[in-house]
2 protein chains.
Amino acid sequence: MNSKIRWGILGCGKIAHAFAFSLKNVPEAQLLGVASRTPGKARTFGEHFAVEYIYTTYEELVNNPKIDIIYIATTHNFHYKNILLCLQANKPVLCEKAFTLNAKQAVEVIEMAREKKIFLMEAMWMKFNPCIVKLREFLAEGIVGDIRLIKADFGEKFPRDLKDRLFNIHLGGGALLDLGIYAISFARMIYGHSPILYKSEAYIGETGVDEESAYFLEYENKKLAMLYSSSRIEMPNDATLFGTKGMIKLKDFFHPSKIEWKLNGKRKIKTIEVPYDLPGYQYEILEVHDCLTNGQIESKIMPWSESIENMKTMDTLRKQWGLKYPEEI
Amino acid sequence: MNSKIRWGILGCGKIAHAFAFSLKNVPEAQLLGVASRTPGKARTFGEHFAVEYIYTTYEELVNNPKIDIIYIATTHNFHYKNILLCLQANKPVLCEKAFTLNAKQAVEVIEMAREKKIFLMEAMWMKFNPCIVKLREFLAEGIVGDIRLIKADFGEKFPRDLKDRLFNIHLGGGALLDLGIYAISFARMIYGHSPILYKSEAYIGETGVDEESAYFLEYENKKLAMLYSSSRIEMPNDATLFGTKGMIKLKDFFHPSKIEWKLNGKRKIKTIEVPYDLPGYQYEILEVHDCLTNGQIESKIMPWSESIENMKTMDTLRKQWGLKYPEEI
C-alpha cells in the first residue's frame, strides 16, 4: 500500500459521482479505477474525474492489483454478487446501502469477509456525520434523559419513471431499501438494538414495490419508533427524539448539521451547529482508511451485526407487505 | 328563553374555570348556575364568577327552569350519567370530551337526545377554532393535493399524582381519552371517515391506564394517520399533513393560530395567521347558541355520528391494550 489509499468505483451512477467528488477532497485518497458495464458510462465518468483505469467489466477492476479498496455503487439487487466478486479477488469493500437485498445475503457476504479476513463495510455515511457523532455524545450524557420515542421520516417525490431503480422490482426498488434504511439504522443507533415488535403498512404501487410505508417499531421497555418512507411524498426528513427530560430535533436527520433540543417545561430551544463539508461522504471514507491502515476488517462504528440486523428489520417489514424481490436468494 | 342564553356548569374543575372565563366573553351568554358535589367547591367557583345559583347537587342545577343549557365538566367516567340526568330533566347539554367512556354509552345518550328532541353536543372545541375552520377551507380547495398521511401528537408531562383523574382508572383516566381524542378527531375531520385498520402500542402504567400510546390508523385508499398521546412526555403537539402536492403544519394542532404550508419542490414556507381570543372555548359556545336559537338538536360541525365514531376508535384501541374501565356499562 503506498502513502495514498487507492480506490476503485464499481458502478458509475449518481451516487458514484457524489462519492468520487468526496474522494477528491480526502488528501489520503486516490481514485484509481472505475468500471461500468453500461457502454460509454465508465469512460465519461473516468475522464471527468481523471481516473487512470477505466473498465467495462467489473472483473478487470477487482483484479487490478494497484487498487486497495472497491466502493460498490450499483443498484441494490447487484450488491450481493458484487461484494462476492470483490472478496473472491481479495479486495476490501465499501458497499452502498441497502447493503444487500435481505439478511440472508448479508450474512453470506459477511461470512466470506470474516473467513478471508478482508475489510467489508456498509456505506452508512450517516453514522460518520460529525453532527450524528455529536448526537451520540449528547445521548450518552443523557441530555434529554431516557429516549422513549423516535419519529423520523424520509420522503422525496421522485419522478414517476417506472423503469428507474426506485420503482423497478428487479433492481431492488422501493422506498424502504433506499430511504427507509436510514430511519431504521437511526433508530437502531439510538436504542442500541433491533426492534422486538413490528407493525406496518405499505402502499405497493403498480410495479410491485413499496412507494409509501409507515412502520411502527417497538423496542425493549416499550420504547417506540414511528418511521416513514416515501417515494411519492416530499417530507421534511426530520427526526425527533422524545426523552423523559426533553426532546431533540434534527433536520435532514441522515446528514444533519444542527442539533436542536428543548428541556421539558422550558421554552428555550437550545441549538448547536455542527457543520460538515459537502457532499459528506468523506467521513465514512476516513473511517475506511483508518480500518485499512490499522488492519481492521470490520468498522466499530458500523459493525457487521448492524448491517445484518437492519436487513432483518427490512425483511420483516417486507414480509408483512408480501414484497419479495425476484433476485432474492 | 330571554335575550341571553343562560348556562349552568356541572362540575367545577379546571376546565370549568376556563370555560366560565370564555362564557364571560360571549355577550349573549350568561353563567347562571353552578354545581359541585365537592364541599365548598361550587361556592368558591360561583362567587369567583358571580353566579346566581350555587348548588351542591347536580339535580338542583338541572331542574332550575331558568337555566337553558348545561355544560358538563366532570371527569370522563361521570359523563354518561350526567348527560342522562340533564336529558331526563329536558335540559340541552354540551358535554366535555371524551364524550363518554365508550361508544355504547355514547349511542345510548344520543338515542335519548334524539327521542326527546333535546340538543346534545360533545365539546370538541378544536373543530370550531377559526384556524381549523380555515384549514378545512384550504383542504377543500386542495391546497396541498390529496392528503395521504397525517402525523399528530399530544403529549404533556403531567405530575405523577396517581390519584389524579389522568392516572385514575375509576375516573376514566389515561392519555387516550384525555389527549388522544384530539388527534383521533383531527384525523377523522381530515379524512371524513373512521379508520378501517388499527395498529397500536400502549404503555400501561401501574394504575392500569395508558400513559403513552402510539396508534397507527389506516383509512380508505391506504391513507394513514400516525398518532401519539402521552401523559409522560412533553411533545410539540404539532400536526403535519402530507399531501400529494405539499405539506401543511399546525403548531398546537388542537388550538392553532397559524397554518404553515409548503408545496413540493418549493423552498418557501407559506404562512397564514388566524389568531383567536383566549382561552378559545367561545367558538363552540357560539355554535351551541346558534343551534339553540335555530332549534337544532345536533350540530352540523360536530354531529353525533362523529362522537360515536370517535368513541368506537378509542374502544378499538383500548381493546388492543386490554384496558377496560370498571365503570363501563
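Read-outs: derived from the displayed coordinates by stated rules, not from any lab. On a predicted model such as this, the values are computed, not experimentally measured, just so you know. Cβ coordinates were reconstructed from backbone atoms using ideal geometry, including for glycine residues, and neighbour counts include every protein chain displayed.
Rounded to the nearest whole Hz, the Karplus-based 3J(HN,Hα) values (6.51 cos²θ - 1.76 cosθ + 1.60, θ = phi - 60°) of segment B:123-134 follow the sequence 7, 7, 4, 3, 5, 9, 4, x, 6, 5, 4, 5, with x at glycine and proline. In nanometers and ordered shortest first, the copy-to-copy spacing of the B:G192 label point, defined 7 Å from Cα toward Cβ, is 4.9. By the gyration tensor of its Cα atoms, with a ≥ b ≥ c the square roots of the eigenvalues, what is the shape of segment A:5-125: rounded for a/c under 1.5, prolate for a/b over b/c, or oblate? Prolate, since a/c reaches 1.5 and a/b exceeds b/c. Highest-first packing order for the peptide set A:110-120, A:144-154, A:84-94 is A:144-154, A:84-94, A:110-120, based on the mean count of other beta carbon atoms within 10 Å.
Can you give the angle from 0 to 90° between the axis of helix A:181-191 and the longest principal axis of chain A, with both taken from C-alpha atoms, to the nearest 10? Approximately 50 degrees, to the nearest ten. Remark: mean inter-chain Cβ contacts per residue of A:240-250 equal 3, using a 10 Å Cβ-Cβ cutoff to other protein chain atoms. Taken about its Cα centre, segment B:235-329 carries a charge dipole of roughly 960 debye when the Cβ of each Lys and Arg holds +1 and the Cβ of each Asp and Glu holds -1. Backbone geometry of segment B:288-303 corresponds, through the Karplus equation with coefficients 6.51, -1.76 and 1.60 at θ = phi - 60°, to 3J(HN,Hα) couplings of 4, 4, 4, 4, 5, 5, 8, x, 7, 9, 9, 6, 6, 7, 10, x Hz, x marking Gly and Pro.
In this entry, the protein assembly as shown is assigned a mean projected area of 30.5 nm², taken as a quarter of its C-alpha convex hull surface.
Averaged over the residues of peptide A:228-239, the number of Cβ atoms from other protein chains lying within 10 Å of each residue's Cβ is 4. Quick one: grab the alpha carbon gyration tensor of segment A:164-273, order the square roots of its eigenvalues as a ≥ b ≥ c, and give me rounded if a/c is under 1.5, else prolate or oblate depending on whether a/b is larger than b/c. Judged from the Cα gyration tensor, segment A:164-273 comes out prolate (a/c at least 1.5, a/b above b/c).
In order along segment B:222-233, the Karplus-derived 3J(HN,Hα) couplings, from 6.51 cos²θ - 1.76 cosθ + 1.60 at θ = phi - 60°, round to 6, 6, 10, 9, 10, 10, 8, 9, 8, 9, 10, 10 Hz, and Gly and Pro are given as x. Peptide A:148-160 has a mean of 3 when you count, residue by residue, the C-beta atoms of other protein chains within 10 Å of its C-beta.
About its Cα centre, segment A:130-275 has a charge dipole of approximately 840 debye under the convention of +1 per Lys or Arg Cβ and -1 per Asp or Glu Cβ, with nothing else charged. Annotation: amide H-H contacts under 5 Å for B:F167 (H modelled 1.01 Å from N, sequence separation of 5 or more, or interchain): B:G174. Scattering from chain B was approximated by placing one identical point on each alpha carbon and applying the Debye formula without solvent; log10 I(q)/I(0) at 0.07, 0.08 1/Å stands at -0.28, -0.36. Residues whose amide H lies under 5 Å from that of B:I70, counting only those 5 or more places away or on a different chain, are B:G8, B:V93, B:L94; hydrogens are built 1.01 Å from N in the peptide plane. For B:E52, nonlocal amide neighbours, meaning residues 5 or more places apart or on other chains whose placed amide H falls under 5 Å from its own, do not occur. Placing unit charges on each Cβ (+1 for Lys and Arg, -1 for Asp and Glu) gives chain B a dipole about its Cα centre, and among B:L162, B:T57, B:I269 the Cα reaching farthest toward its positive end belongs to B:I269. Shape of segment B:83-183 from its Cα gyration tensor (a ≥ b ≥ c, root eigenvalues): rounded if a/c is under 1.5, otherwise prolate when a/b > b/c, or oblate? Note, shape of segment B:83-183 comes out oblate. Beta bridges from DSSP with both residues in chain A: antiparallel share about 55 percent, rounded to the nearest 5. Quickly estimate the mean residue ellipticity at 222 nm for chain B, helices only: each DSSP H run with n ≥ 4 gives -39500 (n - 2.57), and the total goes over all residues, rounded to 500. The helix-only estimate for chain B comes to -9500 deg cm²/dmol at 222 nm. What is the sum of charges, Lys and Arg at +1 and Asp and Glu at -1, for the other residues whose Cβ falls under 9 Å from the Cβ of B:R318? Summing Lys/Arg as +1 and Asp/Glu as -1 gives 0.
Neighbour counts of C-beta atoms inside 10 Å place B:I143, A:I9 in the sequence B:I143, A:I9, starting with the fewest. Inter-copy label distances for A:K258: 1.4 nm (label point placed 7 Å from Cα along Cα→Cβ; shortest first). When each of the peptides B:267-276, A:58-67, B:67-76, B:280-289 is scored by how many other beta carbons lie within 10 Å of its residues on average, the order from highest to lowest is B:67-76, B:280-289, A:58-67, B:267-276.
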